1. Would you be able to say whether some residue in region 156-163 is of a type outside the set (S, T, N, Q), out of contact with any His (no Cβ under 6 Å at 6 or more places or on another chain), modelled with pLDDT of 95 or more and part of a loop (DSSP other than H, G, I, E, B)?
2. Check whether at least one residue in region 240-253 is of a type in the set (D, E, K, R), within 21 Å of ALA141 (Cα to Cα) and more than 21 Å from the chain's Cα centre (by Cα), and report yes or no.
3. Confirm whether PRO202 is of a type outside the set (Val, Ile, Thr) and under 17 Å from GLY151 (Cβ atoms).
4. GLY166 is checked against (1) touching a helix residue (DSSP H, G or I) at 6+ places or on another chain (Cβ under 6 Å); (2) buried (at least 22 other Cβ atoms within 10 Å of the Cβ); (3) of a type in the set (Gly, Ala, Ser) and fails just one. What number does that condition carry?
5. When the residues of region 89-106 are filtered to those that are among the hydrophobic types (A, V, I, L, M, F, W, C) and in contact with a strand residue (DSSP E or B) (Cβ under 6 Å, 6 or more places away or on another chain), which remaining residue is surrounded by the most Cβ atoms within 10 Å (Cβ to Cβ)?
6. Would you point out which residue out of ASP146, ASP128 is exposed (fewer than 14 other Cβ atoms within 10 Å of the Cβ), over 27 Å from ASN241 (Cα atoms) and not aliphatic (A, V, I, L, M)?
7. Answer yes if at least one residue in region 119-135 is out of contact with any helix residue (DSSP H, G or I) (no Cβ under 8 Å at 6 or more places or on another chain) and either more than 18 Å from LEU284 (Cα to Cα) or of a type outside the set (Phe, Trp, Tyr) (or both), and no otherwise.
Amino acid sequence: MIVVVVALVTVGYWWLLRPEPTLASRGDVSRPTVSSPNSIPVTESSAPSPSVASSSPTAPDPRLVAALTELVAEVETTYGAEVGLAATAPNSTTAPVVVGSWTTGHAWSTIKVPLAIAALTRQPVGADAAAAITVSDNAAAQRLWDGLGSGDAAGQAVEVVLAQGGDTTTVVQRTRTRPEYTAFGQTNWSLSSQVQFAANFPTSPAAQTVWALMGNISGSQSWGLGRLPDAHFKGGWGPDNGGYTVRQFGSIAQGEGCVAVAIGTEAATFDTGVAVLNDLADGLAELSDQLPVGPCYQAI
């Protein structure tokens, strides 16, 4: 009897002094280790981390949505064209504002931005990259594309860059669907995906080079967003559906910060499309105090 009592006392004393199990040792708790985003190589098969995929962006300010909707509706009425606009703050957790009847279409030369980044990442092609961005040279852009390999290889390389900027849904066109135009220019790029890319522009050395080029667009192409001070942007245009698609995306300065924007239209003619984008840019300037502002892109 004495032996049993001593044993029970000993066991109880050990139980009180036992170490608390860590989270890792508990069978009912699982906490995955998340690496720094900069340490994760981005590939065409990369998927968002569970925390990113499960999080929902907050809704934009309804007053801003109403103001931009009114702006776009007025421009649509003026020119009888389909018009679209998307805006968000860089690095924001708030959903972009996307308004208007035109929400997606061929990228045309706007796709030269991620294309130039992909090409510069692989090899020193500064002259062609500069020509493709600042004066929208199609031959230079085609050389950048060809330098990335086959159609599939080139498309995947550009999609990697898009993913680095937060656009994981756009599929780059690999083959020519219209013989007279480049394959990549026929990529379908929505305003919402494009503004997401502008708001989360990659920070690689190649991306920094292209960003600088976007701030040095030829005067002959500096309509639309180019009318606004300190804009970094790229335009694209081409015939579609019996009319003309004209579009731009990038970043505009506002106070101490910047606003990521993407604008586009399918109008009757190229000149009408340019006029539409001019009016949209002027309208954005008038609404500058209501726009979502975030940190401007910084070279590191």
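The values are calculated or read from the model by the stated rules, or taken from the named source; none is laboratory data. Fair warning: this is a prediction, and the values are worked out from it, not measured in the lab. Heads up, the Cβs are rebuilt from the backbone with ideal geometry, glycines too, and the neighbour counts pull from every protein chain shown.
1. no
2. As a first pass, look at region 240-253 and keep what is of a type in the set (D, E, K, R): 240, 247.
From what is left, the residues that are within 21 Å of ALA141 (Cα to Cα) are 240, 247.
Next, from what is left, pick out any that are more than 21 Å from the chain's Cα centre (by Cα): 240.
Yes: one or more hits.
3. Judged against the criteria, PRO202 is not a match.
4. (2)
5. Filtering region 89-106 for residues that are among the hydrophobic types (A, V, I, L, M, F, W, C) and in contact with a strand residue (DSSP E or B) (Cβ under 6 Å, 6 or more places away or on another chain), the one surrounded by the most Cβ atoms within 10 Å (Cβ to Cβ) comes out as VAL97.
6. Criteria check complete, one pass: ASP146.
7. Initial filter on region 119-135 (out of contact with any helix residue (DSSP H, G or I) (no Cβ under 8 Å at 6 or more places or on another chain)): 123-124.
Those left that are additionally either more than 18 Å from LEU284 (Cα to Cα) or of a type outside the set (Phe, Trp, Tyr) (or both): 123-124.
Checking region 119-135: at least one residue is out of contact with any helix residue (DSSP H, G or I) (no Cβ under 8 Å at 6 or more places or on another chain) and either more than 18 Å from LEU284 (Cα to Cα) or of a type outside the set (Phe, Trp, Tyr) (or both).
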